[in-house]
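The values are calculated or read from the model by the stated rules, or taken from the named source; none is laboratory data. Because the structure is predicted, anything quoted here is derived from the model rather than measured. Cβ sites come from the backbone with ideal geometry, for glycine too, and all protein chains shown count toward neighbours. In case anyone asks, the SASA skips ligands and DNA or RNA and just uses the protein heavy atoms, side chains included. Shrake-Rupley method; radii C 1.70, N 1.55, O 1.52, S 1.80 Å.
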Amino acid sequence: MNKLKNTKLFGLFFVLAMTLAGCGKPYLSVLRPAGEVAQEQFNLMMLAVYIMIGVILVVLIIFILAVLKFRRGKVGENFMPKQVAGNHKLEIIWTTIPIILLLILAIPTVSLTFKLADTKAMDKVDEKGKNKEMIVNVTANQYWWEFEYPNQEVVTSQELVVPTDTKVYFRLHSADVKHSFWIPAVGGKMDTNVENINKFYLIFDSKKAKEADNVFYGKCAELCGPSHALMDFKVKALDKADFDTWIKDMQGTKKAVAATSDQAKEGEKVFKQSCVGCHAVTPTGKGAKGPNLTTFGERTRIAGVLEHNEENLKKWIKDPDSVKPGNKMTGQYKVSDSDIDALAAYLMERKVEN
């Protein structure tokens, strides 16, 4: 009775596990591809799954036939099956079949690998010396991301903005240790190294983007320190017109947006005294020690992980190590509680979109 009960529980658990494994949000799941690259990689993965299922089914059928046809009660105790050791025909068959299956998987795998590695278009420039393709330079830091648009001369951080239905090329680099750039719904991961630059491209499908409210999420996929799991970033996938508008707004921000409230003005003074050495509030200049804060007031997350409100912002400024252990911001400044209140008011006013 207990064995039957355990079998039923195991069966229920198996069914639930297999069902839930197929679940996923459209902005984060590799099983719901949202771009050409992701779809091609998904198709390759499913090809491997189908081959494995086919092999399992063939082996299962042979096993069942052998059990039913050659059980002792049917063939007797002294039955000796025909010996096939050294049968050249059978050896050729069961050697050839695996080779064929491997070729069926290997050919599209190699083909797709070379296709996705083709980034030569990134090197083509126009008469002004600017790249003809859409390029984003990604710099990974412990534990945040910087995104530079070299053609547009714009720098931002934590929130990557991209046009849909456009091949977006990425140059990946790390400022400290090895990280890995990954937007699960849009394509496979790639490492960011200190010693070299890796290149690849992604395409963000406009229809899939609408299903995900034009938002995807990215992650670091390489263990890079105690806050590795908190090194997330947001991706805004906009249509070409909206993306061009965003770029225009960013390019139009030549100097920091003026503070409006009295508290924000006090926060601006504190910022210039304690923060400006690491953070910029204009969308220019790459390689800063800390994230660019030009669009901080428009974001949806504090430090990439907390809900975007002043209370969490004050918590982050007061004790960043409690949110992201091991981050490089901890211990770099000294501010009072009143200064933190003023800073929070100032940073919440950092917006560029009209």
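Table for the structure above
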{"quantity": "Local net charge near Thr330, Cβ-Cβ under 14 Å (Lys/Arg +1, Asp/Glu -1)", "calculated": "+4"}
{"quantity": "Cut-off of 10 Å, at most 12 other beta carbons, DSSP loop: longest stretch of the chain lacking such GluC sites (Glu not before Pro)", "calculated": "196-352"}
{"quantity": "Summed side-chain charge close to Lys120 - residues other than Lys120 whose Cβ falls under 15 Å, Lys, Arg +1, Asp, Glu -1", "calculated": "+3"}
{"quantity": "Label assignment, mean projected area of the Cα convex hull in nm² derived from the structure, set (i) 17.9; (ii) 27.6; (iii) 16.8", "calculated": "(ii)"}
{"quantity": "Carbon + sulfur, % of accessible area of segment 115-176 - ligands and nucleic acids excluded, 1.4 Å", "calculated": "42"}
{"quantity": "Three-way shape call for segment 262-349 based on the alpha-carbon gyration tensor, with the a/c threshold at 1.5", "calculated": "rounded"}
{"quantity": "Acute angle (nearest 10 degrees) that the helix 240-251 long axis makes with the longest principal axis of the chain, alpha-carbon atoms", "calculated": "40"}
{"quantity": "Choice from Pro150, Pro81, Pro283 showing the highest fluctuation, given a GNM over the chain with Cα pairs closer than 10 Å", "calculated": "Pro81"}
{"quantity": "Neighbourhood charge, 13 Å Cβ-Cβ cut-off, centred on Pro226 and excluding it, Lys, Arg +1 and Asp, Glu -1", "calculated": "+1"}
{"quantity": "Furthest towards positive pole of dipole, Leu343, Thr330, Phe271, structure part segment 262-349, Cβ charges", "calculated": "Thr330"}
{"quantity": "Most mobile listed residue (Gly35, Gly304, Gly11) in the chain, GNM with C-alpha springs under 10 Å", "calculated": "Gly11"}
{"quantity": "Loop-resident sites, segment 76-119, for chymotrypsin sites (Phe, Trp or Tyr not before Pro), counting at most 16 other Cβ within 10 Å (DSSP)", "calculated": "Phe79"}
{"quantity": "Segment 33-178: relative contact order in percent, alpha carbon pairs under 8 Å with at least 6 residues between", "calculated": "16"}
{"quantity": "Cα-based helix-to-principal-axis angle, 36-69 vs the chain, degrees rounded to 10", "calculated": "20"}
{"quantity": "Loop-located trypsin sites (Lys or Arg not before Pro) in segment 34-119 whose Cβ has at most 15 other Cβ within 10 Å (DSSP)", "calculated": "Arg71, Lys82"}
{"quantity": "Cross-link pairs Lys115/Lys351; Lys234/Lys289; Lys120/Lys207; Lys236/Lys334; Lys132/Lys272 - those with Cα-Cα distance over 31 Å", "calculated": "Lys115/Lys351; Lys236/Lys334; Lys132/Lys272"}
{"quantity": "Taking the chain and dividing mean pair separation by its residue count, relative contact order in percent (alpha carbons under 8 Å, at least six apart)", "calculated": "16"}
